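For reference, the structure is listed below as structure tokens.
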Amino acid sequence: MEPLASLRGFSRTVYVVAVARFVNVLGSGMVYPFAVLYFYGEVGIPFTLVGIGLLANNVALAVGTVLGGMLSDRYGRKPVMVASMALSAPALASYALVSSAPEFVLVASVAGLVMGLLAPASQAMVADVTESDARDRSYGLLKVASNAGFGSGFVVGGFLYGIAETLVFVANGATSAVVALWLLVALAPSPARDGDSEATVGLRGTLVEWRRAVSHPTIVGLALLNVGFAIAYAQMQSTVPVHAEATFGLSSEQLGTLYVLNPLVVVLFQIPVVTYATRWRRTRGLVISAGFWAASFLAIALSYLTSWQLGVALLGAFLVLRTVGELLHAPIVTALASDVGTVETRGSQLSVLEVAKRIGFGIGPVLGGLFFDYGVDTLLWPALIVLCAGLVVGLLALERRVTPTQNGRAIPAD
């Protein structure tokens, strides 16, 4: 009963955003395990060029995220969220028409730009209607919605991909159109920023606010660490599916079914884990997260040395371990960042974290692709374990800079 109790008591706005997140990520889940396999295996784009396309997508996402944070602080959260989803619908569906590397890079860039507007606006909207001590749980609820959609998307995507590979891209665009309509009809304006006359400042003032946000030492430190976490995140989409297919011969349907472990763990354990983690300093929760990521990469490294059955089991272990790391990282880092600034700069500051994440998402596939293209993929996983160790060191250093309130109000001394 306690986990169910943790899902109650939020503003209606939080639940509206959670539904939107579920449907939006349902579309992403249809594409996630299969995009690299399709453009690399079916279209014939070299792995490194696929990585460059994903890098372009994440650079565009970073630009869109900056714009989304600035625009949501200036014009309000709801208009930015609706516009992002309405523009994303045709952009995402256009992936189905890609037949060459230049087209892939172009579509990835446009889709990234319009998709990037959503995250800082939606995160700021949730923070606007949620008290500080409940933000970890509210972002945890969004994570549950995301991964419920993600897992459903894996299953639906595996079915659609088996019928016709390009159907997953068309369906992804359709979900964005549904979300745009849902937000337009169901989402109330933010009480903090939407319709606030003081929020409509000049472009110069908006740029000054954003410059202050990006220069805050805690935000800068969290952003740098988020790049490292995102490099780790990106392997699940890029290198791990290729390793699973090349080493163990898993089909798209088998891979999609295996990947259901990720959202299943989130849906079952996100709220209990994040509720328990509120007893810790937020930085300590992130340290534990990095430890789980390191353990997940160790499982992949060991899978090269085992039988087929044990190797597939280790792939499953990777998904479970990295998901526990995700359970801790995503809500905690967002809650920590949302407590650093004020409501006037919250969207901009959260956009900085999203920009950092997108940079890491762009670096991750290129880095992993280089290891695979040069035939030294076995060295990728030890390198990622070293990266996780570096994240632990950085987090312990950052802990000295944050205030007790920013690091979790109700956390007792160790």
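The values are calculated or read from the model by the stated rules, or taken from the named source; none is laboratory data. Remember, predicted model here, so these are calculated numbers, not experimental data. Here the Cβ positions follow ideal geometry from the backbone for every residue, glycine too, while neighbour counts run over all protein chains shown. When the accessible area is computed, the model is the full protein with side chains, heavy atoms only, and any ligands, DNA or RNA have been set aside. Shrake-Rupley method; radii C 1.70, N 1.55, O 1.52, S 1.80 Å.
Is it true that Met81 is open to solvent by 10 Å² or more (accessible area, probe 1.4 Å) and touching a helix residue (DSSP H, G or I) at 6+ places or on another chain (Cβ under 9 Å)?
Against the criterion (open to solvent by 10 Å² or more (accessible area, probe 1.4 Å) and touching a helix residue (DSSP H, G or I) at 6+ places or on another chain (Cβ under 9 Å)), Met81 does not qualify.
If a residue counts only when it is at pLDDT below 85 and under 27 Å from Pro382 (Cα atoms), which helices (runs of 4 or more DSSP H) contained entirely in the stretch 241-304 have at least 2 such residues?
Filter on the stretch 241-304 gives 252-259, 261-277.
Based on what the data block shows, is Leu92 out of contact with any Leu (no Cβ under 8 Å at 6 or more places or on another chain) and among the hydrophobic types (A, V, I, L, M, F, W, C)?
yes
Just checking, which of Thr239, Thr257 is of a type in the set (Ser, Thr, Tyr) and touching a Phe, Trp or Tyr at 6+ places or on another chain (Cβ under 7 Å)?
Matching residue, one of Thr239, Thr257: Thr239.
So Ala186 ticks every box in (1) at pLDDT 75 or above; (2) touching a Lys or Arg at 6+ places or on another chain (Cβ under 7 Å); (3) closer than 14 Å to Met81 by Cβ but one. Which box is left unticked?
Here Ala186 meets the rest and fails (2).
Which of (1) within 21 Å of the chain's Cα centre (by Cα); (2) in a helix (DSSP H, G or I) is the odd one out, the single condition Leu379 does not satisfy?
Here Leu379 clears every test but (1).
Could you grab me the full set of residues in the stretch 379-395 that are open to solvent by 70 Å² or more (accessible area, probe 1.4 Å) and out of contact with any helix residue (DSSP H, G or I) (no Cβ under 7 Å at 6 or more places or on another chain)?
Val386, Val393
Surrounded by 24 or more Cβ atoms within 10 Å (Cβ to Cβ), in contact (Cβ under 8 Å) with a residue 40 or more places away in the chain and farther than 30 Å from Val105 by Cβ: is that true of Ala301 in this structure?
no
Can we say Val105 is among the β-branched types (Val, Ile, Thr), assigned to a helix (DSSP H, G or I) and farther than 29 Å from Ser338 by Cα?
yes
Give me the pairs: first residue in the stretch 12-27 and in a helix (DSSP H, G or I), second residue of a type in the set (Val, Ile, Thr) and open to solvent by 30 Å² or more (accessible area, probe 1.4 Å), beta-carbon distance under 8 Å, and six or more apart or on different chains, which are they?
Correct list of pairs: Thr13/Val129; Val14/Val129; Val23/Val178; Leu26/Val156.
Among the residues of the stretch 36-65, write down those that are open to solvent by 40 Å² or more (accessible area, probe 1.4 Å) and small (Gly, Ala, Ser).
Gly41, Gly44
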